[in-house]
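Report on the following structure.
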Amino acid sequence: MGKKEMSFDFEGLATHIKEFLAKRDIVDQETLDRFLHPTFDHLRSPDTKLIKVVEEIKSAISEEKKILIWGDEDMDGITSTLLLLRTLQELSPLEIETYIPSRRKEGYGLSKKGIKFGIDKGIDLIITVDSGINSVDEVEYAKKNGLDVIITDHHEPKKILPDTLILNPKISPFGYDYLAGGGVAFKLSDALFEYLDSRGTKEWTGRIPEIPILAMIGTISDRVPRLDENRILIEEGLKALEITDDPSLSLLREKGGIGVAIEPLNSGREQLTWDFFTASTKEKAIDIYSELEAKHGYWSLKARENFLSLKGQIEEGHLVLFDPDLDVQYASSVANRTKDYRNHPVFVVYTIGDTIRGEGRAPGDFDLLAVLESVDDLLLDYGGHKPACGFTLREGKVEEFRERVEPLLSGYQPKIHYDARAKLEDITPDLQSLIMQMRPFGKNNYQPVFLIENVNYRIEDGAAILSDSEVTLKMDKIKEKPPLSEVVDAYVQLDGEDIILLSWEWTERE
């Protein structure tokens, strides 16, 4: 079955369909159209906060102020920096500075070291991308030294915000709540082109396809939900990738699937990644990419070794792992591997010089930030997202942190997740057609799962069958076989083509 474009009336959809769509942030005709037809036509319009940021940047350009774009060393941060740099270079003749801080030496967000760099360079305005939402003291330091600051970020804000102009979808409704840093930078760029140059999205992206490609790469690399405007940025970015003649980006196109192609760029070698994206020739891009591939292979090996070195603590049942010698560049990978291995929220703690740092990772239905907030007396700082975060511990507080936090983590109970309850009669070709249009599947846009209660399971002519008193439904695939001739609650997954019996539970009997 191919992907056939169809239109659907949201109000006419059945209750079980609206339930599973709601879990993908589809709650009305507008969000349904945005999801099923992910094009620039369906981007949200700028709100007053975004327009205010545009006006401030327009004023800075007209007054010939010196601007510095402050990024972050991960892939989302690097691509966001390059994206906004390309935008401002297109709209202004002024020289634009960039700064990518070292997390190892400066931590997350703004730092006094970087601000001093800006002061020495004569910077008037710092615009952050993918960072800064919790840099309260650093913003004050910058302002006291005569620098204006605009924060553009997508991370979770704390109760006290920096006293400056902020663009964050978790605060202001200019875009999808879960945009990556690259998505926020793209929305800002789009508004800048519209208000400073009177160019619509399709016009300027057609002439500068590299900007939507960078937004797509940041979105994919940051593992944000592939929903709403993120889905648009990925789909439009893939279209742009087909037409770019940029040396580095066209090389990624030749490497096949973009998710695999960008993996070597995100292995803790931020300067090489920056050099790759700014390569002036295809030959130079090939050389740098080859070096990144080799380093990524070594990095993957070392990341696995670091994970295995903590296996003893994992097997002992610890959910807070501590290794003072763990290399910071492997900390995120170790945390992710441990989370996947245990299917549980975890923290990995390590040291950088005299500083005790930590990374947290959790299944998507667990709030790590709430855990950190409950022990904030032990922390110097923390931030990030509910299922993925970072923090700095006070000296000598590792064991107390472990003692107080592990009980909070251990209470998590993994469960079978389903999107909605349904009946066998609800599993129709029209439903499969709708799901087909939801491809490609990805984070938070998984193949939907329906709970169908009190159905019989049997084998008939070699085929697995679910049935009730009125309907018989043949399964195309089975992940977990129930016992024959039993009444069960079945978890059925649809992918637009196949009907898959994913799992089952004994039904409650009176």
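When the residues of segment 263-277 are narrowed to those that are among the hydrophobic types (A, V, I, L, M, F, W, C) and crowded, with 21+ Cβ neighbours inside 10 Å, which ends up nearest to residue 215 (Cα to Cα)?
Going residue by residue through segment 263-277, those that are among the hydrophobic types (A, V, I, L, M, F, W, C) are 265, 272, 274, 276-277.
With crowded, with 21+ Cβ neighbours inside 10 Å added as a condition, the list becomes 265, 276-277.
Working: 265: 15, 276: 16, 277: 13 Å.
Among residues in segment 263-277 that are among the hydrophobic types (A, V, I, L, M, F, W, C) and crowded, with 21+ Cβ neighbours inside 10 Å, the one nearest to residue 215 (Cα to Cα) is 277.
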Can you tell me which residues in segment 51-93 are exposed (fewer than 15 other Cβ atoms within 10 Å of the Cβ) and more than 19 Å from residue 187 (Cβ to Cβ)?
59, 62, 63, 64, 93
Within segment 401-415, which residues are without any contact (Cβ under 8 Å) to a residue 40 or more places away in the chain and in a loop (DSSP other than H, G, I, E, B)?
411, 413, 415
Do we have any residue at all in segment 176-196 that's within 24 Å of the chain's Cα centre (by Cα), of a type in the set (S, T, N, Q) and surrounded by fewer than 24 Cβ atoms within 10 Å (Cβ to Cβ)?
no
For residue 394, all conditions in the list (1) at negative phi; (2) surrounded by fewer than 16 Cβ atoms within 10 Å (Cβ to Cβ); (3) out of contact with any helix residue (DSSP H, G or I) (no Cβ under 6 Å at 6 or more places or on another chain) hold save one; what is the number of the exception?
(3)
Exactly one condition in (1) in a helix (DSSP H, G or I); (2) surrounded by fewer than 21 Cβ atoms within 10 Å (Cβ to Cβ) is false for residue 288; which is it?
(2)
Could you say which residue among 199, 223 is closer than 28 Å to residue 447 by Cα and in a loop (DSSP other than H, G, I, E, B)?
223
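Identify, from the list 493, 413, the residue that is within 30 Å of residue 321 (Cα to Cα) and either of a type in the set (S, T, N, Q) or surrounded by 13 or more Cβ atoms within 10 Å (Cβ to Cβ) (or both).
Values: 493 fails: within 30 Å of residue 321 (Cα to Cα).
Answer to the check: 413.
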Any residue that is within 30 Å of residue 349 (Cβ to Cβ), free of Cβ contacts under 8 Å to residues at least 24 places away in the same chain and either part of a loop (DSSP other than H, G, I, E, B) or not assigned by TED's automatic domain parsing to the domain that holds residue 382 (or both) - is there at least one of those in segment 94-106?
yes
Hey, does segment 436-457 have a residue that's on the phi < 0 side of the Ramachandran plot, exposed (fewer than 13 other Cβ atoms within 10 Å of the Cβ) and under 31 Å from the mean Cα position of the chain (by Cα)?
yes
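Given the structure, is residue 188 within 27 Å of residue 54 (Cα to Cα), part of a helix (DSSP H, G or I) and in the same structural domain as residue 154 (by TED's automatic domain parsing)?
Values: within 27 Å of residue 54 (Cα to Cα): yes; part of a helix (DSSP H, G or I): yes; in the same structural domain as residue 154 (by TED's automatic domain parsing): yes.
For residue 188, the condition - within 27 Å of residue 54 (Cα to Cα), part of a helix (DSSP H, G or I) and in the same structural domain as residue 154 (by TED's automatic domain parsing) - is met.
The values are calculated or read from the model by the stated rules, or taken from the named source; none is laboratory data. It should be emphasised that the depicted structure is a prediction, and the values quoted were computed from it without experimental measurement. Reconstructed Cβ throughout: ideal geometry from the backbone, glycine too, with neighbour counts over all protein chains shown.
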